[in-house]
Amino acid sequence: MPTINQLPSIDEVSGGNQIPTYYSGGGDARKMSVSLLQDYLQDNLNFPDNASEVTYNPAGTSAVARTVESKLRETVSLKDFGADPTASAAVNNAAINAAFASGAKRVIAEPNAVYSVSAQIAIPSTLEFDGQGCTFSVTMLSGVVFFQVFASASIKNLTINFNNGYCYIGINFPNSNLGYIELTNVAVKNVNDIATTYGTIPININANGNEIRLDGITIENITKRTNNDPLDLLGGIEGIYVFLPSSASVALGGYMRNIEIRNLLTVNSVGAQVYEVANAIYVACLPASDNRARLVIENVRGYDFGKRLIKTQCSDLIIQNVYAEAINVIAQEALSLQDQEPAPPAVVARTYNVKVKDVIIRGKIRYGIASSVNDALIDGADIDISLTGTNSFYGNNALGIGLSGDSTTITNSFVSAKVCLFISREYGTYAGDLKNLLISNSTFKTKESGALFLEFSAGTTIATLESGLFSNIVFDASDFPGGNTVLGNSTNQSGFVSFNNCVLIDNDATTNGGSYFTFDKFKTINVTGFTHLNKNATSLINRTFRVFRCGALTLASINLQAKPNSASITTDSVDNLIVSGMYVDPAATNAIVMTTTTASRLSGVNRAKV
């Protein structure tokens, strides 16, 4: 090999055909052509022909030397295989698929490029794809899965634009036991699918044996022509569909966060809205299975999100920091926490342990939250919904929270609707008393004329409340007084209900108006520290409590400042009445009127008004 002092001297360069003096080391100098020097250097310095002959030494202890070629091939570009924003869809189809099939661990796109694509794209093996802000501009046939992912994969910084055309499944992870599934900063948008043979699912994920990692997902402008069957999935939309495919399925948990859903709509053949399946986010499992998703769903924003913003059928879920608003598209439910009970007489385990925290729900929605799961927690719900004057498939009564599961806790919440809280047990093995309802530190506010704070089992075939505790509740009828609050049922006798430190606020400007509580067929009613106010101090109200066909009624520390037209409390067919300490406005004609009350014990009551 030549030494440094044998190399050409830079200051002796002259002309384009000759090279500097070459020092042989022996003192004799001679001129040499460029081509001869190139040959000499190649023969004597052993320059590599390509990256496979260059060694790469990774930094760090115990690092293993490898070739530069192998290192470079860890990341490939779509451009390496011929994909180009100016290329045809056919060229890009082949190039993108070739890049994903190359065996590279990482594939990148040209930053912010727009690629025309018209065929299925497949990821056959584990890799990371960074779209770097690129868009796949897709034109597909009906019923084709666009992005088919068969392995663990991380897909990020990508927009899939269907250009107001067909979309069966936008991104599909169909396989179990991949390990993880990751989508970051991914958008699927602009679908107008007029085929009724298939549903439309922008993102489809098999959760069995997989950890779900979704962060920064946008789904917007999805329109689906339905087949006019409200129970048929083939005619609907599932925005993000996460499913557990069998009764033995086990999800590895994970998260779905920073999600925005806009403008999901199912329509008929002339483009009019149809109230069919359109779930923005659906975590599903088979009926009669006890499947645990172990997912956190958080920071979700939904605007005109279709029939439901979030629908779940799995146990072990946390749903938090959600904003749902239905402006132009009427919704059935913002949050639907569903049991997996089939039609009777099957007996199955009930879905359980679902926590909902810090949700805001607004607009034209039938149910703010509908829950049939056991052990549900609703903490920090802010619900203000109405269907007044709306010709709705779901009816005109907006229901704030509907419950049919046991052991539900509602706390730190505000609910304003036609019916603030509705309880029912309508079918199957769970037709029976609802147990262990606990509500605390919350406000229920009447939304419109004729509204109800609470409706417990109003229907004759619906079961009743076994036990419920209301603590530190404000019942606010200051805007729309006059609606009766119904507790109990005229057919089935409920169990125990207790009200501690609650306030009822009226603002009735007419005689014989106001709001009050009706207890019908309860075994035991305890009311302690209850206050009834009328903000319009010059008017009279009907009453505070109307109780009949009940077992024991206990009233303690009652402060009734609203002036009743006749009596603050009326009882009829009550077995045992106990009153301990009650203040009634002196202008009231009567404090208590008892009819067919078997036994009574009164203390701290003006008996002249009994």
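Selection over segment 102-115 of residues that are hydrophobic (A, V, I, L, M, F, W, C) and either part of a loop (DSSP other than H, G, I, E, B) or open to solvent by 70 Å² or more (accessible area, probe 1.4 Å) (or both) gives a count of 4. Assessment of segment 275-284 against the conditions (among the aliphatic types (A, V, I, L, M), in a loop (DSSP other than H, G, I, E, B) and within 22 Å of C314 (Cα to Cα)) yields at least one matching residue.
Yes or no: T218 under 28 Å from Y275 (Cα atoms), out of contact with any helix residue (DSSP H, G or I) (no Cβ under 9 Å at 6 or more places or on another chain), modelled with pLDDT of 95 or more and hydroxyl-bearing (S, T, Y)? Considered against the rule, which asks whether it is under 28 Å from Y275 (Cα atoms), out of contact with any helix residue (DSSP H, G or I) (no Cβ under 9 Å at 6 or more places or on another chain), modelled with pLDDT of 95 or more and hydroxyl-bearing (S, T, Y), T218 comes out as yes.
With respect to (1) under 22 Å from T464 (Cβ atoms); (2) modelled with pLDDT under 85, the lone exception for V527 is condition (2).
Could you figure out which of (1) surrounded by 19 or more Cβ atoms within 10 Å (Cβ to Cβ); (2) at pLDDT 95 or above isn't true of N206? Of (1) surrounded by 19 or more Cβ atoms within 10 Å (Cβ to Cβ); (2) at pLDDT 95 or above, only one is false for N206: (2). Within segment 527-547, the set of residues being outside any strand (DSSP E or B) and either charged (D, E, K, R) or under 10 Å from L560 (Cα atoms) (or both) comprises K535, R543, T544. Tell me, yes or no, whether segment 90-101 has at least one residue that is open to solvent by 20 Å² or more (accessible area, probe 1.4 Å) and of a type in the set (V, I, T). Taking every residue of segment 90-101 in turn, at least one turns out to be open to solvent by 20 Å² or more (accessible area, probe 1.4 Å) and of a type in the set (V, I, T). Among the numbered conditions (1) assigned to a loop (DSSP other than H, G, I, E, B); (2) of a type outside the set (F, W, Y); (3) buried (at least 16 other Cβ atoms within 10 Å of the Cβ), the only one that P586 does not meet is (3). Set side by side, the residues V242, V277 differ, and just one is closer than 22 Å to V188 by Cα, crowded, with 20+ Cβ neighbours inside 10 Å, under 13 Å from the mean Cα position of the chain (by Cα) and in contact (Cβ under 8 Å) with a residue 24 or more places away in the chain, which is V242.
From L421, L399, L387, grab the single residue that is at pLDDT 85 or above, crowded, with 17+ Cβ neighbours inside 10 Å and more than 25 Å from F499 (Cα to Cα). Answer to the selection: L387. Cβ-Cβ contacts under 6 Å between residues 6 or more apart (or on different chains), taken from a first residue in segment 118-138 that is among the aliphatic types (A, V, I, L, M) to a second residue that is surrounded by fewer than 16 Cβ atoms within 10 Å (Cβ to Cβ), are listed as L127/K105. Within segment 337-362, the set of residues being at pLDDT 95 or above and under 18 Å from G306 (Cα atoms) comprises V359, I360, I361, R362. The single condition among (1) within 18 Å of L438 (Cβ to Cβ); (2) open to solvent by 50 Å² or more (accessible area, probe 1.4 Å); (3) modelled with pLDDT under 85 that N507 does not satisfy is (1). Residues of segment 77-89 include none that is at pLDDT below 95, surrounded by 15 or more Cβ atoms within 10 Å (Cβ to Cβ) and part of a loop (DSSP other than H, G, I, E, B).
Here is the figure for segment 474-504: residues that are at pLDDT 80 or above, among the aliphatic types (A, V, I, L, M), closer than 21 Å to G450 by Cβ and open to solvent by less than 20 Å² (accessible area, probe 1.4 Å) total 2.
Mind listing just one residue for me: the one in segment 232-272 that is of a type in the set (D, E, K, R) and out of contact with any Asp or Glu (no Cβ under 7 Å at 6 or more places or on another chain) and, of those, farthest from I205 (Cα to Cα)? Per the stated criteria, the residue is D232.
Within segment 257-273, the set of residues being open to solvent by less than 50 Å² (accessible area, probe 1.4 Å) and more than 15 Å from Y323 (Cα to Cα) comprises L264, L265, T266, V267, N268, G271, A272. From the list A552, A562, the lone residue that is touching a Ser or Thr at 6+ places or on another chain (Cβ under 9 Å), in a strand (DSSP E or B) and not basic (K, R) is A552.
For (1) surrounded by fewer than 18 Cβ atoms within 10 Å (Cβ to Cβ); (2) at pLDDT below 90, each residue gets a yes or a no:
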position	(1), (2)
I281	no, no
P287	yes, yes
Y303	no, no
L309	no, no
Q320	yes, no
E325	no, no
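Taking the listed residues K535, K563, the one that is within 24 Å of S449 (Cα to Cα), open to solvent by 10 Å² or more (accessible area, probe 1.4 Å) and touching a residue at least 40 places away in the same chain (Cβ under 8 Å) is K535, with no other qualifying.
Output the residues belonging to segment 187-198 that are touching a residue at least 40 places away in the same chain (Cβ under 8 Å) and either in a strand (DSSP E or B) or in contact with a Cys (Cβ under 8 Å, 6 or more places away or on another chain) (or both). Selection gives D193 alone.
The values are calculated or read from the model by the stated rules, or taken from the named source; none is laboratory data. The structure presented is a predicted model; accordingly, all values stated were derived computationally and were not measured. Every residue, glycine as well, gets a Cβ built from its backbone with ideal geometry; the counts of neighbours run over all protein chains shown. Surface areas here come from the heavy atoms of the whole protein model, side chains and all, with no ligands, DNA or RNA. Shrake-Rupley method; radii C 1.70, N 1.55, O 1.52, S 1.80 Å.
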